[in-house]
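I have placed the structure first, in the form of structure tokens, so that the comments after it can refer back to it.
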Amino acid sequence: MKFKGRIAVFGGRVITDSIYKDTVEIGKRMADENWLVFCGGGEGVMEAIAKGVSIRNGVCIGILKDKDFKSGNDFLSIPISTGLDITRNALISYNCDVGVAISGAYGTLSEIAFTLAQDKPLIAYNSWDIPKSINTNSVDSLITEVKNCLNQ
């Protein structure tokens, strides 16, 4: 299967209903664009992005912090167990062309840092305001910015 891009989505476990809904929509749109999506495989943003991708029959890989691949959310296409706890955050950013941060706390901040340290584009949606990141305030603008970063 050939994908048009590899997108890592970072975000918090505890999020608002509004962020959850938007993230499901972002996942749908990413699947529609034929992007391979990576996430941490847990709850919150990770579940919402995987749900959106699965609704449109896309592929979402969850890089899990636990040793048991069954610990991932029910919407993942492929759960990958690591047993690395938060250290797995580096693996998520290493596997992408573009990083997308949605909401989030310190774990998300570490994923942002790993992505920017590799000189990869980082798009933030209701997330940390970090130099060199691209801040967006709508689902449409987020998808447009990812396309721009992928030169599509």
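The values are calculated or read from the model by the stated rules, or taken from the named source; none is laboratory data. Because the structure is a prediction, the values reported are computed rather than measured. Every residue, glycine as well, gets a Cβ built from its backbone with ideal geometry; the counts of neighbours run over all protein chains shown.
When segment 48-60 is filtered for residues that are surrounded by fewer than 24 Cβ atoms within 10 Å (Cβ to Cβ) and either modelled with pLDDT under 95 or more than 20 Å from T82 (Cβ to Cβ) (or both), the ones remaining, listed by number, are K51, S54, I55, R56, N57, G58. Of all residues in segment 61-90, those that are touching a strand residue (DSSP E or B) at 6+ places or on another chain (Cβ under 7 Å), surrounded by fewer than 18 Cβ atoms within 10 Å (Cβ to Cβ), over 19 Å from F114 (Cα atoms) and not hydrophobic (A, V, I, L, M, F, W, C) total 1. Among the numbered conditions (1) in contact (Cβ under 8 Å) with a residue 12 or more places away in the chain; (2) under 21 Å from G27 (Cβ atoms), the only one that I86 does not meet is (2). T87: among the hydroxyl-bearing types (S, T, Y), modelled with pLDDT under 95 and in a helix (DSSP H, G or I), yes or no? Judged against the criteria, T87 is a match. The single condition among (1) under 13 Å from the mean Cα position of the chain (by Cα); (2) closer than 14 Å to C39 by Cα; (3) not in a loop (DSSP other than H, G, I, E, B) that G104 does not meet is (3).
Taken over segment 91-110, the criterion of being hydrophobic (A, V, I, L, M, F, W, C) and surrounded by 18 or more Cβ atoms within 10 Å (Cβ to Cβ) is satisfied by I92, C96, V98, V100, A101, I102. Within segment 121-152, the only residue that satisfies the criterion of being over 16 Å from K21 (Cα atoms), out of contact with any strand residue (DSSP E or B) (no Cβ under 8 Å at 6 or more places or on another chain), of a type in the set (S, T, N, Q) and assigned to a loop (DSSP other than H, G, I, E, B) is N151. Pairs linking a residue in segment 61-79 that is within 16 Å of L91 (Cβ to Cβ) to a residue that is small (G, A, S) and surrounded by fewer than 22 Cβ atoms within 10 Å (Cβ to Cβ), with Cβ atoms under 7 Å and 6 or more positions apart or on different chains, are I61/S77; L64/S71; L64/S81; D66/S81; D66/G83; K67/S81; K67/G83; F69/S81. Within segment 1-26, being of a type in the set (A, V, I, L, M), buried (at least 19 other Cβ atoms within 10 Å of the Cβ) and part of a loop (DSSP other than H, G, I, E, B) holds for one residue alone: I15.
Residue-wise test of (1) buried (at least 20 other Cβ atoms within 10 Å of the Cβ); (2) of a type in the set (A, V, I, L, M).
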site	(1), (2)
I112	yes, yes
I130	no, yes
S138	no, no
S141	no, no
N151	no, no
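Entry remark, segment 27-47: residues being crowded, with 24+ Cβ neighbours inside 10 Å and assigned to a helix (DSSP H, G or I) number 5 in total.
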